[in-house]
Amino acid sequence: MAEKMEQEAINEQARSDEESCGVESKELRRKKRIKCIVSFIIVQIIQTLILSLTVMRVRTPKVRLGTVTFPNLVTGTEFIPYFDLTMMAQIKVKNRNFGPYKFESTNATFTFQGVTVGHVLIPEGKAGFFSTEKVSVTLNMSSNVLMPSFSRSLGSELGAGVLTLNSQAKLSGKVTLMLVIKKKRSAQMNCTLAINLSAKAIQDLNCR
């Protein structure tokens, strides 16, 4: 009788141990599942931050003057000031985004001391992601549009052998990200050209 009771006690203890192990096993699985979910959420947050700071960040494209040459350049003197020139220029549209930048056509104007002496059309185009689109243009510029009051300042520059002109342009367009997200961006060009008259070439080109 005593042996029977002892055996029943042993069996009861075994069942209790099995149930305890089962509870502990379920608790471990639950904690592991929660840990996996938390880890997944953290990874998603990190990936979202990386995308927002790199791929999804939209930078404003840059437009600048590139190579400039003068097939024709005629100027007067310090006492009879005038100029008449043909300029061939390369306009660069630099896109630093993870998607193409499609821009509309616009005009680039060239000025002498604030007065427009020439302008040229920049046709619509597209700069691929992390690439530079190069547009070649040709235009004529003349001092005929200047008032007589500019004679002294123009004559001074011609006498010094360096003619200074400014160029401005504004490109309007959209950057496309992930094939569907479109962001409007405008690129500004503001360049100063110092033309060496004797060499008939650019002496200094500063764009900002």
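Read-outs: derived from the displayed coordinates by stated rules, not from any lab. Since we're looking at a predicted model, the values are computed, not measured. Neighbour counts run over all protein chains shown; Cβ positions are idealised from the backbone, glycine included.
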Distance (nanometres) between label positions extended 7 Å along Cα→Cβ at Ala160 and Lys182
4.7
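Note the full-extension length gain between Ala199 and Asn107 as 0.36 nm times their separation in residues minus their Cα-Cα distance, in nm to one decimal. Write out the running numbers ahead of the final one.
Numbers: separation 92, 0.36 × 92 = 33.12 nm, distance 2.81 nm.
Separation in residues times 0.36 nm, less the Cα-Cα distance, equals 30.3 nm.
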Between Phe79 and Thr132, with labels modelled 7 Å along Cα→Cβ, what's the label distance in nm to one decimal, could you check?
4.5
Counting pairwise Cα distances across region 156-204, what percent come out greater than 12 angstrom?
70
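Taking Cα pairs under 8 Å and at least six residues apart, what relative contact order does region 73-208 come out at, in percent?
Numbers: 308 pairs, mean separation 35.7, N = 136.
So the answer I get is 26 percent.
Is there a pair in Lys102/Lys170; Lys62/Lys183; Lys134/Lys200 whose C-alpha atoms are over 21 Å apart, and which pairs would that be? Walk me through the numbers on the way to the answer.
Numbers: Lys102/Lys170 13 Å; Lys62/Lys183 15 Å; Lys134/Lys200 23 Å.
Violating the 21 Å Cα-Cα cut-off are Lys134/Lys200.
Subtracting the Cα-Cα distance from 0.36 nm times the residue separation, let me have the gained length for Arg152 to Val115 in nm, one decimal. Don't jump to the answer; show the numbers that get you there.
On the way: separation 37, 0.36 × 37 = 13.32 nm, distance 1.50 nm.
Full extension from Arg152 to Val115 adds 11.8 nm.
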Which whole number of Å³ per residue matches the convex hull of the alpha-carbon atoms in region 87-208?
100
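What ranking, highest mean first, results for peptides 158-169, 105-116 when packing means the other Cβ atoms within 10 Å averaged over each residue?
Values: 158-169: 17.2, 105-116: 15.2.
Those peptides, ordered most packed to least, come out 158-169, 105-116.
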